[in-house]
Amino acid sequence: MNDKLRLQFLGDLSLDGLYCDPQHHRGLKENSQWINEISSGTDFRILNWESQLWGDENVNELKFPRLCTTKDAAQSVVPLKIDLALLANNHSYDNHTSGFRNTLDFFKQNKINHIGATEKEEEKDKCFIFTKNNIKVAIINYVGMETNPKLPDNCPVFVNIIDERAVLEKIKQVKKEADHVVVTLHWGEEESSKMPNLRQRNLGRQFIDGGASMVIGHHVHCLQGFEEYNDGLICYSLGNFLFGPQLVIPGQIYSNRTSDNNMVALLNVDFTKVDFNFSWQYLMKKQNNLFLELDDGSVEKLHKKINKYVYYSDAKLKRAYKLELIKIPIRNFIDKSGGFINALMNIRLKQVKLFIKSLIE
């Protein structure tokens, strides 16, 4: 039986920074068309939408950095043919209610569905079901508090927060009307970490045991490994897809993105009524380049290398994760400096103090 439904999952999309410059919109449009063409056979495409459209100039002062974009920049990725935008993330309210509404208006105008955040509290945990060839795949979307959504008190936009028991109950409920449930999570404590932490692994496995076919994560701005577990699949982070330059946050030496953040993986999943198969498409964005191109082999190589972490024992993963927290600021400083030698030449007492501060925190 050849009947199947193919979903393609992309990582984080934020059209902030240089993507807002009109001179880049044509290139963004052409790049979106190209990605759609090389992904022929995809029935539906899903990504995490992080940059809300500008509103009335009010912003969430509790958040920094904030991600925002223009309607013209957003229009440039319409040729990508996005079917579902995930909004349960830590930037859903960056541009207040007016920015959120402008984003939803843009989705409506371009026939892009969305889940994960809403102005109607009763709808915040709604699922979206894709159907083809009598196969039904349900998508549910949540964000972890560890990503720091920083929503103000009495926020009029309701964002779907991870609650372990609620997610398990939702999986059970949705399984009654769909053949497969995919749990999409915006999670992870440390940006630029190449490995999940122990809590994430336990949570992902618990959701698979609870009936989900797949768990797919984003947020940490880089690729993490994937795990085939009990007939299910856990992809801990798909990394960035298209993401504007990160602001350097004052007082943090690890806030700029490293070159690893420019490595992109597209996850293709062919669902049947009873099971699924998956494959990867690898792309890359060279440093200081805005657009994606075919992988030269380095992205696939990195993905295979870091995949070992997800199979570590609990004790080994905890030790490795603690070591990763030490390595992240060092790796970012070396990358920012243009190499190890330049980093040694450029290091100052201020950087040493900030590094020590980050270790203590």
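The values are calculated or read from the model by the stated rules, or taken from the named source; none is laboratory data. Just so we're clear, the structure is a prediction, and the values are computed from it rather than from any experiment. Every residue, glycine as well, gets a Cβ built from its backbone with ideal geometry; the counts of neighbours run over all protein chains shown. Ligands, DNA and RNA are excluded from the accessible area calculation, which covers all protein heavy atoms including side chains. Shrake-Rupley method; radii C 1.70, N 1.55, O 1.52, S 1.80 Å.
Structural remarks
- Modelled FRET efficiency - R0 35 Å, N148 with D314, Cβ distances, 0.05 increments: 0.85
- Cβ-Cβ FRET estimate between R205 and E123, R0 fixed at 51 Å, reported to 0.05: 0.95
- Kirkwood Rh and Cα Rg combined as Rg over Rh, evaluated for the range 1-134: 0.99
- Long hydrophobic helices in the chain: the complete DSSP H runs spanning 30 Å or more by Cα along their own axis with mean Kyte-Doolittle hydropathy of at least -1.0 are 314-337.
- Of E169, E227, E300, the residue with the largest accessible area leads and the full order is E169, E300, E227 (1.4 Å probe).
- Accessible area in the full protein assembly, largest first, 1.4 Å probe, for I162, I129: I129, I162
- A 1.4 Å probe run over the protein chains yields, for the range 124-192, 46 Å² of accessible area per residue, whole-number rounding.
- Accessible area of the chain belonging to carbon and sulfur atoms, whole % at 1.4 Å probe: 50
- Members of K194/K273; K29/K108; K63/K316; K285/K327 lying beyond 27 Å, as alpha-carbon distances in this model show: K194/K273; K63/K316
- Shape annotation for the chain: C-alpha extents along the principal axes are 62, 50, 44 Å, from largest to smallest.
- The range 194-235 residues near the modelled K175 label - backbone nitrogen below 19 Å, point 7 Å along Cα→Cβ: 202-216, 228-235
- Where the range 259-315 is the region considered: accessible area per residue in Å², 1.4 Å probe: 51
- Largest accessible area first, the residues R165, R319, R66 order themselves as R165, R319, R66 under a 1.4 Å probe with ligands, DNA and RNA left out.
- Residue-level accessible surface for K308, protein heavy atoms, 1.4 Å, Å²: 100
- Counting charges near D105 (Lys, Arg +1; Asp, Glu -1) among other residues having Cβ under 13 Å from its Cβ returns a value of +3.
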